[in-house]
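Here the structure is laid out as C-alpha cells; the discussion comes afterwards.
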Amino acid sequence: MQLRRFGPRDLTRVYELACNSLSENYNPTLFLDLYNYWPEGFIIAEEDGQTIGFIFGIMMSRTEARILMLAVDPKHRGKGCGGVLYREWQRQCAVKGMRMIALEVRVTNQVAIRFYEKMGFQLTGRIVKYYSNGDDAFRMQLFL
Ligand SMILES: CC(C)(COP(=O)(O)OP(=O)(O)OC[C@H]1O[C@@H](n2cnc3c(N)ncnc32)[C@H](O)[C@@H]1OP(=O)(O)O)[C@@H](O)C(=O)NCCC(=O)NCCS
C-alpha cells in the first residue's frame, strides 16, 4: 500500500468511497474546496494502482485540526490501512503546528470509535442530533 496526496482526478473514486462508507450526503465540491484549502491534509491510500482509502480534514484554528472524513474500502479493512492513513495525516497536522485533533463520530459506529481509541483519542462529549437522520455524535479528541 502506498500513500499520496489527493488530486482532482481522484474525485470520482473518492466520492464513491465516501458514499459507500459514510451515511451522510456530501456535495462533491466540498472535496475540492478542502483540497484547495489544505492539499497536504487530503491523503489517498492506493494498492495496485487503485484507491482503497482516504482521509481529510481542516485546520480550525492555529492549533486545532479536525478530521472530516476517513474511509477504507470494505474489502481492504482490518489490514492497517486506516491506521497508516491516520498517522500520516497526524504527521501533517504536526508539521502545521497543530496541538489538538478533534472529530465527531456517530454514537452507533462502534468500529470507528474503537479505531480512534486505538489511535489515542478520548471521548469528550456527546452532541445530540448531530447527524441529518437525528443520530447523536460523540466528540473525540487527542492532544499532540
Ligand atoms: C474506521 C475505518 C477507517 C478503519 O479502517 P481499517 O483500515 O479497517 O483500520 P485498521 O486496520 O488500520 O485498524 C486499526 C485499529 O482499529 C481498530 N479496529 C479496526 N477495525 C475494527 C473492528 N472491526 N472492530 C474493532 N476494532 C477495530 C483496531 O484496534 C485496529 O487495530 P488492530 O488491528 O491492532 O486490532 C474503517 O472501518 C472504515 O472505513 N469504516 C467506515 C467509515 C467510517 O466509519 N469512518 C470513520 C468515521 S468518519
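Read-outs: derived from the displayed coordinates by stated rules, not from any lab. These figures come from a predicted structure and were not determined experimentally. Because the Cβ atoms are built from the backbone with ideal geometry, glycine has one as well, and the counts that use them run over all protein chains shown.
Scanning region 62-87 for residues being over 20 Å from ASP33 (Cα atoms), more than 6 Å from the ligand (Cβ to nearest atom) and either in contact with a Lys or Arg (Cβ under 9 Å, 6 or more places away or on another chain) or hydroxyl-bearing (Ser, Thr, Tyr) (or both) gives a total of 2.
Can you confirm whether region 75-87 contains a residue that is of a type outside the set (D, E, K, R), in contact with a Ser or Thr (Cβ under 8 Å, 6 or more places away or on another chain) and in contact (Cβ under 8 Å) with a residue 24 or more places away in the chain? Within region 75-87, not a single residue is of a type outside the set (D, E, K, R), in contact with a Ser or Thr (Cβ under 8 Å, 6 or more places away or on another chain) and in contact (Cβ under 8 Å) with a residue 24 or more places away in the chain.
Within region 1-58, being charged (D, E, K, R) and part of a helix (DSSP H, G or I) holds for ARG9, ASP10, ARG13, GLU16, ASP33, GLU40.
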